[in-house]
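Report on the following structure.
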Amino acid sequence: MIFRDITDTKFKGIEISSYHEFDHEKVYYYEDDNTGIKSLVAIHDSSKGPAIGGCRFKEYDSFEQGLNDVLRLSRGMTHKNNVAQIPFGGGKAIIFQESHKSDNLLRSYANFLNLLEGQYISAEDIGISLEDIRFIKKYTEFVFDNIDPGPYTAKGIYYVIKEAINFCFSQPLTDKKISIQGAGSVGMHLAEHLANDGANVFISDIDKSKLENIENPNINPIDDAFSLECDVFSPCALGAIFNKSSIKSLNCKIIAGGANNQLQDLSIANALHNRGIIYIPDILINSGGAIGLTKDLMKRNEVETESDLMNIAYRVREALTESHEKSISLQDTIRELII
Ligand code: NAD
């Protein structure tokens with residue numbers, strides 16, 4: 001078994017603390033031949049409290065690709081928690097998917113968390129379900145097993161979309177056309193909220209089975225949400241979907257969705273601004289899950305949690321106002337929050 005603080009070392013050929021995505025406190029590596037686990041935890045900033053964030057079980061082409069992902073995502077968590085005004089730091093874990101997910105592997109991940117002694121508290125992310133987290137909880141206290149964050153993330157985004165439509169059109173959601181990419185935990189809950197509020201919702205998923213049992217008449221399954229002509233496009237599937245080429249086929253006025261790291265690089269925010277599209281950055285909009293996850297620890301009841309979710313939209317309104325007054329992108333208005 002290997003458990004190492006690799007922050008100030010050269011590891012697998014990379015000087016971790018000189019790596020271009022590194023501005024972190026700590027990076028830890030864990031490996032156990034008995035269970036096949038190879039995992040990284042990055043702690044970006046714990047000045048406001050223990051680092052929290054999800055764990056990804058994902059195939060990576062190389063160690064570097066995994067390192068890059070965990071560094072970017074953990075930084076995003078710091079920013080997101082700042083925006084959500086919750087007293088937690090930013091962290092993230094990845095498990096390199098080299099074989100199938102097993103109970104042994106999950107137990108091994110619990111051991112990694114125990115060795116970190118609470119510096120990082122883990123939730124689920126791509127490839128790790130709430131069920132997995134509940135299994136891991138049998139072996140460590142350092143996980144959030146209380147709720148599925150998806151519905152909370154979706155509720156926060158719903159309030160933001162409502163606010164953004166009101167800001168741009170001075171109109172309610174009724175009959176507004178919203179196109180959602182990804183009918184997973186976030187996308188489907190978001191679709192329901194919007195449709196129940198009278199919006200005309202279109203939703204796509206590469207997994208067609210996710211679109212089979214839709215009963216709400218205001219939710220319409222489609223093949224391609226990305227280029228549909230609409231008022232709001234909501235990416236709730238993958239990151240890095242906006243690049244110089246892909247944004248040419250967008251046909252929306254506002255982008256507001258839950259997917260992490262949607263821009264291939266930050267210059268795309270200005271390219272969208274120059275095209276007259278309002279891009280609401282993910283860290284400004286998708287912190288509802290972190291609010292939901294930490295509500296029990298912070299002893300927030302459902303009413304207080306709902307008000308915390310609505311506050312996400314108030315902060316977006318402030319940013320929209322500033323962006324409009326200064327004629328700059330929303331990404332530029334939140335620069336102070338994220339540097
Ligand atoms: P999920 O895995 O439940 O759903 C994602 C869905 O997207 C899946 O149904 C998948 O089939 C679909 N998909 C993948 N590629 C697609 C494509 N090219 N086109 C259309 N659909 C595609 O994940 P989720 O929990 O709903 O999260 C969605 C996104 O939001 C992820 O990027 C996640 O990292 C991010 N996010 C989630 C939360 C949360 O609380 N769950 C919080 C913050 C950010």
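Quick rundown of the values:
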| item | result |
| --- | --- |
| Size descriptor, Kirkwood hydrodynamic radius, that averages inverse alpha-carbon separations across the range 150-337, Å | 16.4 Å |
| List Ile222, Ile291, ordered by accessible area with a 1.4 Å probe, largest first | Ile222, Ile291 |
| Residue (of His189, Phe144, Leu115) at the positive-pole extreme of the chain, dipole from beta-carbon charges | His189 |
| Cα→Cβ-extended label distance, 7 Å offset, between Lys12 and Asn196, nm | 4.3 nm |
| Base-10 log of normalised Debye intensity for the range 2-145 (one unit scatterer per alpha-carbon) at q = 0.12, 0.16, 0.18 Å⁻¹ | -0.42, -0.76, -0.98 |
| Cα convex hull volume per residue for the chain (Å³) | 135 Å³ |
| Top positive-direction residue, dipole computed over the range 208-339 with Cβ charges, set Ser246, Phe233, Asn311 | Ser246 |
| By average C-beta atoms within 10 angstrom, highest first, the peptides 314-324, 105-115 | 105-115, 314-324 |
| Accessible-area value, Glu163, 1.4 Å probe, nucleic acids and ligands omitted, Å² | 40 Å² |
| Viscosity 0.692 mPa s, 37 °C: Kirkwood-radius Stokes-Einstein D of the range 47-115 over Cα pairs, µm²/s | 252 µm²/s |
| D (Stokes-Einstein, µm²/s), Kirkwood Cα radius, the range 247-339, 0.692 mPa s at 37 °C | 228 µm²/s |
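The values are calculated or read from the model by the stated rules, or taken from the named source; none is laboratory data. Note that the coordinates shown come from a computational prediction; the quantities given were computed from them, not determined experimentally. Heads up, the Cβs are rebuilt from the backbone with ideal geometry, glycines too, and the neighbour counts pull from every protein chain shown. In case anyone asks, the SASA skips ligands and DNA or RNA and just uses the protein heavy atoms, side chains included. Shrake-Rupley method; radii C 1.70, N 1.55, O 1.52, S 1.80 Å.
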